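The values are calculated or read from the model by the stated rules, or taken from the named source; none is laboratory data. All of these numbers come straight from a predicted model, not from anything done at the bench. Note: ideal-geometry Cβ built from the backbone for every residue, glycine included; neighbour counts use all protein chains shown. Remember, those area values only see protein heavy atoms, side chains included, never the ligands or the DNA or RNA. Shrake-Rupley method; radii C 1.70, N 1.55, O 1.52, S 1.80 Å.
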Amino acid sequence: MRWDQLTENAGNDGDAAPRGNPALFGADAVTTRTFDTPEFRGITFHEVRARSIVNRVPGASRMPFEWTVNPYRGCSHACVYCFARRTHSYLDLDTGLGFDSQIVVKINAPELLRSKLGSRQWQGAHIAMGTNVDCYQRAEGRYQLMPGIITALRDRANPFSILTKGTLILRDLELLRQAAEVTDVGVCVSVGFVDETLWRTVEPGTPSPGRRLDAVRTLTEAGIGCGVLMAPVIPFIGDHPDQLRATVRAIAAAGATSVTPLVLHLRPGAREWFMAWLGHHHPHLVRRYERLYAEGAYAPKWYQRRITGHVHQLAAEYGIGPAQRGTPRRVPVPREPELAEPTQLTLL
């Protein structure tokens with residue numbers, strides 16, 4: 001494994017690791033563990049003491065934020081389309097099954113973040129989490145890095161956002177409530193579809209869409225406005241009008257403050273793994289995908305506009321709207337929710 005070549009900016013947004021930057025950690029800082037329990041069987045954890053945890057997103061990125069925190073690399077959610085798969089190649093790890101089962105854990109992430117936020121150079125910029133791999137994946141249940149991370153952000157009143165497919169975020173609900181009292185907190189849950197047959201094949205390590213929407217409902221009822229990233233919309237498999245309607249209807253019923261559709265994109269590393277999956281499960285669609293993604297990682301603009309327009313029409317019909325790009329949502333949290341009068345959430 002090339003631990004020494006993993007640099008500070010490597011893979012923040014799927015880009016190649018730049019040359020000449022200091023390594024995030026050295027090989028002597030790695031401890032490899034396995035746990036013989038049902039939830040972790042077949043998974044190897046590489047515990048590292050990172051040298052940096054707050055990463056600047058490359059300038060060429062399409063992301064609407066500048067800074068990220070990613071306490072893990074690799075993800076047991078095992079989503080076949082995950083764009084972050086390529087980042088495992090920087091460590092000479094497999095981007096297929098290796099990405100799903102070889103998890104890098106930055107065990108000192110909370111203390112590094114607290115130090116960074118307390119430095120004179122830090123100006124309190126928004127920090128996005130869950131942008132590379134899920135910070136509430138299965139490993140978080142054991143390593144419990146997020147409570148320390150959220151506490152550090154809360155104590156410095158530093159704005160942040162979290163994107164997740166993990167229902168484990170509910171464990172940290174009280175910390176999120178406390179943070180929302182002092183700074184802008186944005187929470188978004190990813191639910192691309194509610195078709196459970198599709199879910200079992202493309203997102204086998206995640207909680208079901210229904211459980212994720214239950215988490216949306218719980219967060220919203222607790223005063224933490226929660227949007228839904230409807231991602232990915234999978235061409236020819238999950239984009240039928242009836243499927244889109246069912247998904248938006250379920251998102252609205254969960255009380256989401258917003259819904260933002262995102263069509264599947266296939267970057268190197270993810271593309272090869274997804275196309276192998278497609279050839280096994282839907283061989284008749286391989287040629288259609290080759291044509292649709294012939295120009296690169298993203299579906300054609302006309303297709304993206306069609307999906308986005310349809311979802312926004314459905315969202316308007318069900319009373320929710322698209323998220324404001326890059327803007328975290330903050331909902332005041334009453335100190336005594338059991339005595340508070342019911343309020344209508346503002347729709348973004």
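Things to note:
- Distance (nanometres) between label positions extended 7 Å along Cα→Cβ at Glu66 and Asp155: 2.5 nm
- Mean Cα-pair separation over length for region 63-186, i.e. relative contact order, pairs under 8 Å, 6 or more apart, %: 27 percent
- Extension gain, Arg288-Val182: 0.36 nm per intervening residue step, less the Cα-Cα distance, totals 33.2 nm.
- Under 5 Å from the amide H of Arg138 lie the amide H atoms of Ser76, His77, each residue being 5 or more positions distant or on a separate chain, with H modelled from the backbone and absent for Pro and chain starts.
- Accessible area in the full protein assembly, largest first, 1.4 Å probe, for Lys301, Lys165: Lys301, Lys165
- Distance between the modelled labels on His240 and Glu221, one decimal in nanometres: 3.2 nm (7 Å Cα→Cβ projection).
- Taking 17 Å as the cut-off, the amide N atoms of region 236-274 that come nearer than this to a point 7 Å along the Cα-to-beta-carbon line of Ala297 belong to 262-274.
- Residue ranking by accessible heavy-atom surface, 1.4 Å probe, largest first, among Arg156, Arg267 comes out as Arg156, Arg267.
- Solvent-accessible heavy-atom area per residue, rounded to whole Å², over region 127-285 at 1.4 Å: 33 Å²
- Scalar couplings 3J(HN,Hα) for region 205-210, obtained by applying the Karplus form with A = 6.51, B = -1.76, C = 1.60 to θ = phi - 60°, are x, 9, x, 5, x, x Hz; x denotes Gly and Pro.
- When a 1.4 Å probe is rolled over the protein heavy atoms, the share of accessible surface on region 174-320 that falls to carbon and sulfur comes to 55 percent.
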